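A.B. asks: Before anything else, here's the structure in question.
Computed from the coordinates by the stated procedures, all read-outs in this text should not be read as laboratory data. Since the model is a prediction, treat every value here as computed from it, not as a measurement. Neighbour counts are summed over all protein chains in view; Cβ atoms, including those assigned to glycine, are modelled from backbone coordinates with ideal geometry.
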Amino acid sequence: MRRLGSVQRKMPCVFVTEVKEEPSTKREHQPFKVLATETVSHKALDADIYNAIPTEKVDGTCCYVTNYKGQPYLWARLDRKPNKLAEKRFKNFLHSKQNSKEFFWNVEEDFKPVPECWIPAKDIEQLNGNPMPDENGHIPGWVPVEKNNKQYCWHSSVVNYEFEIALVLRHHPDDPGLLEISAVPLSDLLEQTLELIGTNINGNPYGLGSKKHPLHLLIPHGAFQIRNLPTLKHSDLLSWFDGCREGKIEGIVWHCNDGCLIKVHRHHLGLCWPIPDTYMNSKPVIINMNLNKYEYAFDAKCLFNHFSKIDNQKFGRLKDIILNV
């Protein structure tokens, strides 16, 4: 199977969207909703959406694996955002409805500083060697997850740089109905993006771990392919999300042959998220660590140490895994 596309920028919706002036169910204090119409977007059609691979959109925070300090590293998402003056100017431009004119950014002066190790996301537009902001006024990018950086402590919990491994959740290679948590070499994940999910990420929609014993895992983007998706019609997708077990997910991401990624979120269809009893939590999960080969005493409180103690155990659901680290 070919490697699917990586998430380096904001994904467009598969349908043309429209703004409704009513309170958002997705974001608190947002006075409007962005809803899908019944028209498939030109971007989706241009990317040959009908021959794309549909996958589950997982609710977490985006990560990236690439080299740093001569070895594979996990990187956290950090978008470079405009300073207050530039943001005010940009918002005034958007509300003035003068969209026939192009907004001019001065990248060197309009944006907040970022760490020296920050890198821009791949394939974003460049002008005179400078990465340019997207339609939201942000420059997508990444920072390496250093071992002792408290800001990214939950990212750090899923990697071990001494042995260059990561805690990954994906389908069992021999049983698609079974999930597997395993220690994967970071070198196997190079140039891939992944979703970090868990106790302290985005309100923990999958119910993983607890405040006392947090649990976090990485899921490669595109890992959960959707096998029985209905036709690409608004009404059919709405019925699928609302009425079948496989539809109990945050959304769909289509991986197109040209590398383009197209999405639809439950909120685009007027449906709620998070929801109880997600599809991810309906599948049994097995622990397959195989850490003995490292002959290494992991820190007693780290996730790798805990999983080494429950290696080869099978659980009915992800949320049944209770950590005692």
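A.B. asks: Under 8 Å for C-alpha pairs, at least 6 residues apart: give me the relative contact order for the chain, rounded to a whole percent.
C.D. replies: Details: 609 pairs, mean separation 75.2, N = 325.
23 percent.
A.B. asks: Can you give the FRET efficiency for Lys150 and Gln71, using 1/(1 + (r/R0)^6), R0 = 25 Å, r = Cβ-Cβ distance, to the nearest 0.05?
C.D. replies: Numbers: r = 22 Å, r/R0 = 0.88.
For Lys150 and Gln71, the calculated efficiency is 0.70.
A.B. asks: Ignoring everything except DSSP H segments at least 4 long, calculate the 222 nm mean residue ellipticity for the chain; use -39,500 (n - 2.57) per segment, divide by total residues, nearest 500. Display every interim value, and only then the final one.
C.D. replies: Working: 6 runs with 42 residues, N = 325.
Rounded to the nearest 500, the figure is -3000 deg cm²/dmol.
A.B. asks: Helix 234-243 versus the longest principal axis of the chain: what is the Cα-based angle in degrees, 0 to 90, to the nearest 10?
C.D. replies: Between the helix axis and the principal axis of the chain, the angle is about 30 degrees.
A.B. asks: Which one, Gly270, Ser308, Ile286, is farthest towards the positive end of the dipole of the chain when Lys and Arg carry +1 and Asp and Glu -1 on their Cβ?
C.D. replies: After comparing all options, I get Gly270.
A.B. asks: Quick one: go through segment 133-159 and flag any residue whose amide nitrogen is under 18 Å from the point 7 Å out along the Cα-to-Cβ line of Glu109.
C.D. replies: Residues 133 fall inside that zone.
A.B. asks: Here's another thing I want to ask about it. Sticking with the crude label model, points 7 Å out along Cα→Cβ, report the distance from Thr231 to Asp188 in nm, one decimal please.
C.D. replies: Going from the Thr231 label point to the Asp188 one covers 4.0 nm.
A.B. asks: Okay, next question. Sort segment 180-325 into rounded, prolate or oblate with this rule: let a ≥ b ≥ c be the square roots of the eigenvalues of the Cα gyration tensor; rounded if a/c is under 1.5, and if a/c is not under 1.5, prolate when a/b is larger than b/c, oblate otherwise. Spell out each step's value before the answer.
C.D. replies: Working: a/c = 2.40, a/b = 1.71, b/c = 1.41.
Judged from the Cα gyration tensor, segment 180-325 comes out prolate (a/c at least 1.5, a/b above b/c).
A.B. asks: Something else now. So between Asn290 and Thr37, what do we pick up on full extension, going 0.36 nm a residue minus the alpha carbon distance?
C.D. replies: On the way: separation 253, 0.36 × 253 = 91.08 nm, distance 4.85 nm.
Additional length available on full extension: 86.2 nm.
A.B. asks: Rank by packing, highest mean first: peptides 211-220, 120-129, 40-49, 191-200, with packing defined as the count of other Cβ atoms within 10 Å averaged across residues. Kindly include the intermediate steps, with their values, before the conclusion.
C.D. replies: Numbers: 211-220: 19.9, 120-129: 12.3, 40-49: 16.3, 191-200: 21.8.
Going from most to least packed, we get 191-200, 211-220, 40-49, 120-129.
A.B. asks: What fraction of the DSSP beta bridges in the chain is antiparallel, stated in percent and rounded to the nearest 5? If you can, show how the numbers build up before the last one.
C.D. replies: Values: 52 of 58 bridges.
Of all bridge pairs located within the chain, approximately 90 percent are antiparallel.
A.B. asks: Right, something else. Isolated Cys in the chain by the 4.7 Å beta carbon test?
C.D. replies: If one checks each Cβ against the other cysteines of the chain, Cys13, Cys62, Cys63, Cys117, Cys153, Cys244, Cys272, Cys302 turn up with nothing under 4.7 Å.
A.B. asks: Against the longest principal axis of the chain, how steep is helix 84-95, in degrees 0 to 90 to the nearest 10, with axes from Cα atoms?
C.D. replies: Long axis of 84-95 versus the principal axis of the chain: about 60 degrees.
A.B. asks: A further question on this structure: Subtract the Cα-Cα distance of Glu18 and His138 from 0.36 nm times their separation in residues, and report this length gain in nm to one decimal.
C.D. replies: Numbers: separation 120, 0.36 × 120 = 43.20 nm, distance 2.15 nm.
Length difference between fully extended and current span is 41.0 nm.
A.B. asks: Still on this structure, please answer the following. Mind putting a number on the dipole of the chain about its Cα centre? Charges go on the C-beta only, +1 for Lys and Arg and -1 for Asp and Glu, and I need it in Debye to the nearest 20. Let's see the in-between values first.
C.D. replies: Details: 40 positive and 39 negative charges, 156 e Å.
For the chain, the charge dipole is close to 740 debye.
A.B. asks: Taking a ≥ b ≥ c as the square roots of the Cα gyration tensor eigenvalues, with a/c under 1.5 meaning rounded and otherwise prolate when a/b beats b/c, else oblate, which class fits segment 74-171?
C.D. replies: On the way: a/c = 2.62, a/b = 2.44, b/c = 1.07.
Taking the square roots of the gyration eigenvalues as a ≥ b ≥ c, segment 74-171 is prolate.
A.B. asks: Evaluate the charge dipole of segment 202-272 about its Cα centre and quote only its size in Debye, nearest 20, assuming +1 on the Cβ of each Lys and Arg and -1 on the Cβ of each Asp and Glu.
C.D. replies: Value, rounded to 20: 300 debye.
A.B. asks: Further, regarding this structure: For a test of the definition: using alpha carbon positions, the gyration tensor, and the 1.5 limit on a/c, classify segment 237-297 as rounded, prolate or oblate. Before the final figure, lay out each step's value.
C.D. replies: Working: a/c = 3.33, a/b = 1.75, b/c = 1.91.
Since a/c reaches 1.5 but b/c is at least a/b, the shape of segment 237-297 is classed as oblate.
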